[in-house]
Amino acid sequence: MTGDTGVVRVPIEAGYFTIPEDPAETPRLLGSRCPACGEHFFPRRLVCARCLAEGCEDVLLGPRGRLWTWTYVHVPLFAKKDRSVDAYGVGQVDLPEGPRVQAILVGGPDDFRIGMELELDLEVLRTDDAGAEVVIFRFGPVGDPVEEPA
Amino acid sequence: MRIEGAAIAGSGVVRFGLYPERSTAELARDAGLAALHDAGMTLADVDEAFVGYLQPATLVGVKAMKELGLTGLPVTHVENASATGLVALREAAWAVASGRARVAMAIAFDKMTDMAGGGRRGGSQRGTGRDQLDATILPAAYFALWAQRRMHDRGTTPSHFAAIAAKNWNHGAGCPWSHRQTDHVVTAEEVLASRVVAEPLTAMMACPADDGAACVIVATEDLVRARQPGRRLVRPVASALRSETYSPGHTFLGPVVGPATMTRDTALAAYDDAGFGPGDIDLALCHDAFANEELEYYELLGFCPEGDGERLVEEGETALGGSIPFNTDGGLIARGHPGGPTGLAMVHEVVQQLRGEAGERQVEGARRALAHLVGGGSVCTVNLFEASQ
């Protein structure tokens, strides 16, 4: 997938979120819906965890949700494996469809409160050997431009 | 189902700490020999062994067992993340209670200091951590999410978590095999002033990374009575083990352990099996990898009503001398948490307490004890023990 800058963006792991062609477009989470009982799940699964029916259908989830809980971690991202980020927010976000999603948060230590609305976006973690940007999903305050924490 | 006819014959621990110069097999050997000596046995008496560890290599357990002898006994590997040791004990207890073995050994060892990078999460399972979507949520961050939500819901303060951590540091100072041995009384203020790891959790509210081994030998009650006349009998009477139960809003990707309610459901199952409840229990050991967990477990294990955990902390009820002492050996925070052996070190402490041989840590008149662990993935186990003359 290429954005308008021509840079290819690839997911840290395939199968969890969309990477829009247009980097300005909001990504979505790849989820499932049970055709029997209607329960939604993230990430995708075949067997419904609620009613055990087989054959959950693919759906897109989000991109907005409400913050259930959060913390600010004073440890490098991926523990000691990526020292370029030495502190970051982490939260659990309730999607309107039902699933509670755990993710990195965009912002500084004073930017979060329980119950606030957040929106999905993508963060570039690094550039791989082929020159592609490796991205991960994260949630940030709605309406704010995408900024790195100070 | 209640475990009938099984008793602890012996137990032993290699003090948790940093052993860069010693192999896991050597640590396992020393814990195994300590337990065999305590039981007055050799490996020739042991009919079956359950070996636990978290390190990613296979076959390590059956190889380590050879340090104790080669008698042809059946050896089974057990792995349930941080709950591994207690689950090995559960298997040994049931091997005896079922009549399959007269004597069964639960033995576990780990070297967290050898587990590069991935640490407790076992980095080898899915790539190298850096390529994992959920590797950004460290155990400290995960349990901090619990802590923040509790502060929001209940008005809990970081001082409550700090008081629990200080208690466990101070308990550890009275336990000879505790990793952390303080030379002064640790205060909540000192815990709060240590480095913030994940708000509101500080470094002193967290367990250390360490190495160690522990072993517990279970045998038929008749055999233990015959071999150890005059010693108080300690029996495992219930062992419940559960994995996650789905409820709406379940978080699948990332959590270190599943919903906190897993502990409540597991405890209820154990109490039902044992025929007694929290009001009959004299001391408890729980998964205090982070201090705020212990506060949650006061309620989830049924030692106080929901929302009353803070009062237990404020009134010192869970310290030695209180109405229900928790983590009398220092818990994961002080005694240590190498992984596999953690649960068997808990049982070692239960044995000392219920035999009445815990020295300055002794809970007066202790007759019943509880040992709880959660393990990533996730699982929860609650084990109940009873002493009789």
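Here, each number is a calculation from the coordinates, and none is a lab measurement. These numbers were taken from a predicted model, which means no experiment stands behind them. Cβ: placed from backbone, ideal geometry, glycine included. Neighbour counts: every protein chain shown.
At-a-glance table
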quantity	calculated
Options B:Gly85, B:Pro248, B:Leu43, ranked by Cα towards positive dipole end of the protein assembly as shown, top entry (Cβ charges)	B:Leu43
Average beta-carbon neighbours from other chains, 10 Å sphere, peptide A:41-51	2
Cα gyration tensor shape for the stretch B:268-389, rounded if a/c is under 1.5, else prolate or oblate	rounded
Around A:His74: net Lys/Arg minus Asp/Glu count, Cβ-Cβ under 10 Å	-1
Cβ-based charge dipole, the stretch B:286-348, positive-most Cα from B:His337, B:Ile324, B:Pro305	B:His337
Computed magnitude of the charge dipole of the protein assembly as shown (debye, nearest 20; Cβ of K, R +1, Cβ of D, E -1)	1520 debye
Debye, to nearest 20: dipole size of chain B, +1 on Lys, Arg Cβ, -1 on Asp, Glu Cβ	780 debye
Inter-part distance where the stretch B:349-369 and the stretch B:296-345 are each reduced to a Cα centre, Å	15 Å
Average projection area in nm² (convex hull over Cα atoms of chain B, one quarter of hull surface)	17.7 nm²
At R0 = 56 Å, FRET efficiency that the Cβ-Cβ distance of B:Asp308 and A:Ala130 yields, to 0.05	0.45
In Å, descending, principal axis extents of the Cα set of the protein assembly as shown	81, 51, 50
Charge dipole (the protein assembly as shown, unit charges on Cβ, about Cα centre) - positive-most of A:Leu29, B:Ala25, A:Ile12	B:Ala25
Stokes-Einstein translational diffusion, the stretch A:9-141 - Kirkwood Rh over all Cα pairs, 1.567 mPa s, 4 °C, in µm²/s	82 µm²/s
Cα-centred dipole magnitude for the stretch A:9-141, charges only on beta-carbon of K, R (+1) and D, E (-1), debye, nearest 20	480 debye
Chain B: most fluctuating residue of B:Leu68, B:Leu54, B:Leu27 per GNM, C-alpha cutoff 10 Å	B:Leu68
Residue exposure sequence - B:Phe385, B:Phe143 - by fewest surrounding Cβ within 10 Å	B:Phe143, B:Phe385
Whether the stretch B:43-109 is rounded, prolate or oblate, judged on the alpha carbon gyration tensor where a/c under 1.5 counts as rounded	oblate
C-alpha center-to-center spacing [the stretch A:37-110, the stretch B:1-62] in angstrom	39 Å
